[in-house]
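Worksheet for the structure shown next.
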Number of protein chains: 2
Amino acid sequence: MTTRPEQAPLLGILGGMGPLATVDFLGKLTRSLPVTCDQQHLPWITLSQPGMPDRSQSIQNGSDAPLPYLRQGVAWLAEQNVSLICIPCSTSHFWFDQMQEASTTPILHIADATIEELRRDTTRQTGPIAVLATRGTIKSGIYRDRLLQAQCAPEELSEADQTAVDDIIRAVKTGHLADARLNMHALQTRLTQRGIGTVILGCTELPLAHDAANAPLVGIDVTLALARTVLRRLGYTPRETD
Amino acid sequence: MTTRPEQAPLLGILGGMGPLATVDFLGKLTRSLPVTCDQQHLPWITLSQPGMPDRSQSIQNGSDAPLPYLRQGVAWLAEQNVSLICIPCSTSHFWFDQMQEASTTPILHIADATIEELRRDTTRQTGPIAVLATRGTIKSGIYRDRLLQAQCAPEELSEADQTAVDDIIRAVKTGHLADARLNMHALQTRLTQRGIGTVILGCTELPLAHDAANAPLVGIDVTLALARTVLRRLGYTPRETD
C-alpha cells in the first residue's frame, strides 16, 4: 500500500450530503486559516458520496438506509490515518453514535461545534432563536437538545415555514441559488414578525441561501462553526471573522 | 479493509496546490452538472496535500522536490479504485509523465482539457492569445506546445507582466482576493494595449482573480475546462455555461 508523505494532523471529511454544502465547507475551512503560503494549510481527505439515500426522508420513514454508507465512509476515513473526522451535513448526525462506533477516529459533532461557536461569541445572538433545518434534523433534536442545555429554548416553526425551509434546501441542492436566497429572505421577514431575532442555519445547504449583509435575522452558520471548531481542535487558530 | 458502498465512476482529485484552487475546482465540478437531486452527482475522493514544496520554484531551481508527493498522491488515489484522476494545478503537470507512470489509473492532463474546451467553442477566442501562468508552467511549455500544435502561437509576456502574474497568484494563495482582482484588471488593460484579445488563465489560482463580467480580455478558465472535460470523460453532460 502506498504511504502518503503528508504529515499529520490530517483531517477526514465525509461529504456529498449535499455536494455544494461540502464545497462550501471546504472553502470556509480554507479561508478561515490565516496563511502566508500553501504549505501552512492543513492537509485533508474528503470522500464525497452523494449517491446514498436521502437522509431526511429516511429519518421520517423510520429507515436506516443511509447508515451503511455513513458507517463505511467514516471507517474508510479512519483507515487513512486521519486525526479527526467531520461531516458537513446536520441531518446525518441522526446516526452519530453508530458512525462513531464504526470509526476508531473521533468525529466532531456539528451541533457541538455550533454551540461552541455560539458560546465563544454570545454577542452574535439577538432575541429568541429558531432552528432552520431538514425535518429529519428537527425530529432528531440535535440542535434543540443542546440549546435547551444552554438555557436557550428555541421557538418552533409553523408547518408553512418548515415547508419553506424544505424548498430552500431543495433549491440549493439543485443549484437554484437565486430562488433559494429570495425564499430565505421572505421566510426570515415572516420570522421577525414573530419576534425571532436569530436563526441557526442548521442544514449545511442553508448558509448558501443566507445573504448575511441583507438578511433580516442574525444567522448562525453551522458550516462555518464546524470549520472553525475543526481548526481549533487540530491546533490551528482560525481568523476571527469569515 | 473497508469497502466503500459508493458505485463507480469515482473521480480522484489530487489537490492542495493551492487549497483555494482545489475548492474552486470542486465548486465548478459540482455546478457544471445539471441535477435534480444529490444522488445524480458524481462521487469523488480528494486528497489535499498543501505541504509539498513549491512547484514553480522547484522547476526554476531544477529540483524534483515535489515529485515524491505527486507520485505517492496519485498512486494512493489509484489504489482507491478511482476511474480517472485529475490535478487542478497546472504547474504540477511539469511532472505529468512521472505521475502517470506511478498511477494505474489514467490522469487527464489539464492542458489537454483546456485545448479540448477551446476547440469545442472557438467563438470564445478573440485576437492574439497569451498564457498567464507560473514561471514553472511557462518554462515547461505545456500550454504553448499545445497552442502551437493548434496553429495558435501565443504571445510572450514581458518580465514586468510576468512579475504581475506572480504577484496575483501569491495574493490568491494568501487569501487577498480583492488585491488579486485589481492587479489582474490592470495587467489585462496593459495586454489589450499590446493587441492581446484572449488570455489562458493557465494557473488554477488565476480564475479566482478574473472577474469575467468586467474583464478587459476574454479569459479561458483552465479550472472550468478541467471540470467540464472530466465530466464528459466520465459520461456526464456538463451545463453549456458556467
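Count, please, the residues in the stretch B:78-89 that happen to be within 9 Å of another protein chain (Cβ to nearest Cβ) and either buried (at least 17 other Cβ atoms within 10 Å of the Cβ) or in a loop (DSSP other than H, G, I, E, B) (or both).
2
On the basis of being closer than 22 Å to B:THR30 by Cβ, touching a residue at least 40 places away in the same chain (Cβ under 8 Å) and β-branched (Val, Ile, Thr), does A:VAL165 make the cut?
Answer is yes for this residue.
Being in a strand (DSSP E or B) and more than 8 Å from chain B (Cβ to nearest Cβ): is that true of A:LEU14 here?
yes
Checking the structure you have, find out if any residue of the stretch B:205-212 is surrounded by fewer than 18 Cβ atoms within 10 Å (Cβ to Cβ) and at positive phi.
no
Quick one: is B:ASP221 free of Cβ contacts under 8 Å to residues at least 12 places away in the same chain and surrounded by 15 or more Cβ atoms within 10 Å (Cβ to Cβ)?
No: the conditions fail for B:ASP221.
Of the residues that sit in the stretch A:19-67 and are more than 9 Å from every other protein chain (Cβ to nearest Cβ) and in a loop (DSSP other than H, G, I, E, B), which one is surrounded by the most Cβ atoms within 10 Å (Cβ to Cβ)?
A:PRO66
Out of A:THR36, A:THR22, I need the residue that is touching a Ser or Thr at 6+ places or on another chain (Cβ under 6 Å) and farther than 24 Å from A:ALA102 by Cα. Which one?
A:THR36
Do we find that B:GLN98 is at pLDDT 95 or above and either in contact with a strand residue (DSSP E or B) (Cβ under 6 Å, 6 or more places away or on another chain) or not aromatic (Phe, Trp, Tyr) (or both) in this structure?
Yes; evaluated as a whole, the condition is true for this residue.
Could you pull out the residue among A:VAL131, A:VAL230, A:VAL172 that is in contact with a Cys (Cβ under 8 Å, 6 or more places away or on another chain) and outside any loop (DSSP other than H, G, I, E, B)?
A:VAL230
Sort out which residues of the stretch A:134-168 are of a type in the set (A, V, I, L, M) and part of a helix (DSSP H, G or I), and write them in order of number.
Matches in the stretch A:134-168: A:ILE138, A:ILE142, A:LEU147, A:LEU148, A:ALA160, A:ALA164, A:VAL165, A:ILE168.
The values are calculated or read from the model by the stated rules, or taken from the named source; none is laboratory data. None of these values were measured; they are calculated from a predicted model. Note: ideal-geometry Cβ built from the backbone for every residue, glycine included; neighbour counts use all protein chains shown.
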